[in-house]
């Protein structure tokens with residue numbers, strides 16, 4: 001499946017126009033489309049994305065996955081990238097589903113993007129485009145709560161004066177943490193006095209309790225922000241941030257399958 005050549009969608013206008021790589025396995029023209037939203041520095045070739053794509057293919061479910069600009073196969077400069085850019089790209093991908101409803105499946109930062117996209121659609125009177133959300137370790141307000149506030153004063157000063165700090169990572173090479181990313185991210189906060197999120201959608205959250213990046217209490221805070229009743233939080237006692245073990249991948253598949261069935265039943 002990953003050997004297939006990706007397609008590219010032009011997103012943005014003028015100097016901000018950029019090609020975004022995606023793969024759309026459109027198995028069934030009637031089913032709700034699964035839209036995978038990867039995490040920060042992750043891409044559509046990651047283990048969870050590929051596992052879910054394989055599952056979707058076996059089940060005859062259409063699935064769309066893509067790389068944010070600056071990630072994977074999508075060109076772009078991470079020193080200039082912002083949450084707003086990636087949200088715009090997610091919205092552009094949503095349009096590829098046509099008139100079909102979409103289930104957003106967001107991992108880590110992708111969970112934040114999913115919530116922002118749902119809020120945007122609701123504000124524009126288009127929330128019916130979505131059939132539900134599945135969120136894995138949703139890192140909402142990540143740039144502020146999980147990055148900026150945890151930095152030392154010395155590191156903050158480097159970012160303020162130099163514009164970038166290369167932060168160590170548990171998963172690979174140091175990554176650029178830019179002033180641009182932090183400041184622009186403040187335009188998209190959902191837990192800083194913005195009020196509750198009132199989505200009339202089923203929402204499923206999977207969260208590891210051994211997650212060093214997104215503490216499980218962060219998921220509890222999200223549940224408090226969501227005012228709708230159909231919210232299920234599953235805490236995985238020995239789960240880490242990646243949730244990529246075989247048992248984690250199977251849990252994701254079962255969660256998505258149950259939500260797909262719920263959508264089917266609601267439409268009949």
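Checked across segment 177-194, the condition of being at pLDDT 95 or above, assigned to a loop (DSSP other than H, G, I, E, B), in contact with a helix residue (DSSP H, G or I) (Cβ under 9 Å, 6 or more places away or on another chain) and farther than 26 Å from residue 159 by Cβ holds for no residue.
Kindly indicate whether any position in segment 9-20 is closer than 27 Å to residue 241 by Cα and surrounded by 19 or more Cβ atoms within 10 Å (Cβ to Cβ). Yes, there is a match, as at least one residue in segment 9-20 is closer than 27 Å to residue 241 by Cα and surrounded by 19 or more Cβ atoms within 10 Å (Cβ to Cβ). Against the numbered list (1) without any contact (Cβ under 8 Å) to a residue 40 or more places away in the chain; (2) buried (at least 20 other Cβ atoms within 10 Å of the Cβ), residue 210 comes up short only at (2). Against the test of being farther than 29 Å from residue 123 by Cβ and not in a loop (DSSP other than H, G, I, E, B), the options 204, 251 yield a single qualifying residue, 251.
Scanning segment 19-40 for residues that are part of a loop (DSSP other than H, G, I, E, B) and at pLDDT 95 or above, we see that the one that is farthest from residue 214 (Cα to Cα) is 38.
Within the option set 211, 173, being out of contact with any helix residue (DSSP H, G or I) (no Cβ under 6 Å at 6 or more places or on another chain) and at pLDDT 90 or above holds for one residue only, 211.
From the list 223, 232, the lone residue that is under 17 Å from residue 106 (Cα atoms), touching a residue at least 12 places away in the same chain (Cβ under 8 Å) and in a helix (DSSP H, G or I) is 223. Residue 243 meets each of the listed conditions (1) in a loop (DSSP other than H, G, I, E, B); (2) in contact (Cβ under 8 Å) with a residue 60 or more places away in the chain; (3) at negative phi apart from (3). Only one of the numbered conditions (1) closer than 30 Å to residue 79 by Cα; (2) touching a strand residue (DSSP E or B) at 6+ places or on another chain (Cβ under 9 Å) is not met by residue 185, and that is (2). Looking only at residues of segment 23-41 that are surrounded by fewer than 23 Cβ atoms within 10 Å (Cβ to Cβ) and touching a helix residue (DSSP H, G or I) at 6+ places or on another chain (Cβ under 8 Å), we find that the one that is nearest to residue 104 (Cα to Cα) is 32.
The values are calculated or read from the model by the stated rules, or taken from the named source; none is laboratory data. Given the structure is predicted, the values throughout are model-derived calculations rather than measurements. So basically every Cβ, Gly included, is an ideal-geometry build from the backbone, and we count neighbours across all protein chains shown.
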